[in-house]
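Have a look at the structure below, then the notes.
The values are calculated or read from the model by the stated rules, or taken from the named source; none is laboratory data. Bear in mind the structure is a predicted one, so any value in this text is a computation, not a measurement. Quick reminder, even Gly has a Cβ in these numbers, built from the backbone with ideal geometry, and neighbours come from all protein chains shown.
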Amino acid sequence: MKKNKLLAISMIVVYAAMLSFLLVANTFAKYTSSTTSSGNISAAKFDVTISNNFNEVFSVPLSKMRPGDVKTVTINVKSNSQVDLKCTIETQTLGYLPLVIENGSITEDYAAGEITKTYLIVIKWPAELNNYTYSSEIDAVNISIVVTQP
């Protein structure tokens with residue numbers, strides 16, 4: 001008899017749980033909605049061409065550079081984009097040679113349309129910094145050009 005009462009109570013609890021689940025699930029269904037929309041999507045043209053005076057290879061030949069030498073890097077940035085652009089040019093050396101870089105950090109905004117700009121980066125090795133210890137050193141100049149849509 002005790003087992004029958006326990007079984008009956010368990011069944012009532014299970015049925016009550018199922019009934020409450022159905023009621024709760026039914027109320028959630030009443031609060032859902034859907035919507036539709038239509039429209040035209042268009043993407044703006046992002047067209048940038050970058051070139052330099054070293055036949056498109058972006059490395060500056062420093063192997064024969066000596067104290068007093070000057071290397072000039074010409075970078076052409078041509079934009080024919082339909083959006084405004086932001087161009088950032090950064091230069092960095094490894095720091096083994098006493099090189100001085102002029103115009104090594106440039107940030108400029110471009111308006112939409114066809115625009116061509118030329119940037120000159122000048123790499124100098126001052127003549128007075130001619131210590132013999134530099135004869136066994138090697139260096140590199142890294143030029144980073146990033147064009148983004150602001």
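Odds and ends about this structure:
- Pairs with Cβ under 7 Å, 6+ apart, first in the stretch 118-131 and more than 21 Å from SER144 (Cβ to Cβ), second outside any loop (DSSP other than H, G, I, E, B): PRO126/VAL100
- When residues of the stretch 101-150 are limited to those that are assigned to a strand (DSSP E or B) and charged (D, E, K, R), the one farthest from GLY68 (Cα to Cα): GLU114
- In this structure, GLN82 qualifies as more than 27 Å from LEU120 (Cβ to Cβ) and modelled with pLDDT of 85 or more.
- Filter pass, VAL100 being of a type in the set (Val, Ile, Thr) and within 25 Å of the chain's Cα centre (by Cα): no
- Of the residues making up the stretch 78-99, those that are surrounded by 14 or more Cβ atoms within 10 Å (Cβ to Cβ) and assigned to a strand (DSSP E or B) are LYS78, SER79, ASN80, SER81, LEU85, CYS87, ILE89, THR91, THR93.
- Note on the stretch 54-76: residues that are modelled with pLDDT of 90 or more and either surrounded by fewer than 13 Cβ atoms within 10 Å (Cβ to Cβ) or farther than 21 Å from ASP139 by Cα (or both) amount to 2.
- Qualifying positions in the stretch 104-147 - at pLDDT below 90, β-branched (Val, Ile, Thr), surrounded by 13 or more Cβ atoms within 10 Å (Cβ to Cβ) and more than 16 Å from ASN76 (Cα to Cα): VAL141
- Within the stretch 26-49, residues that are on the phi > 0 side of the Ramachandran plot and modelled with pLDDT under 75 reach no partner that is exposed (fewer than 10 other Cβ atoms within 10 Å of the Cβ) and of a type outside the set (A, V, I, L, M) with beta carbons closer than 6 Å at six or more positions or on different chains.
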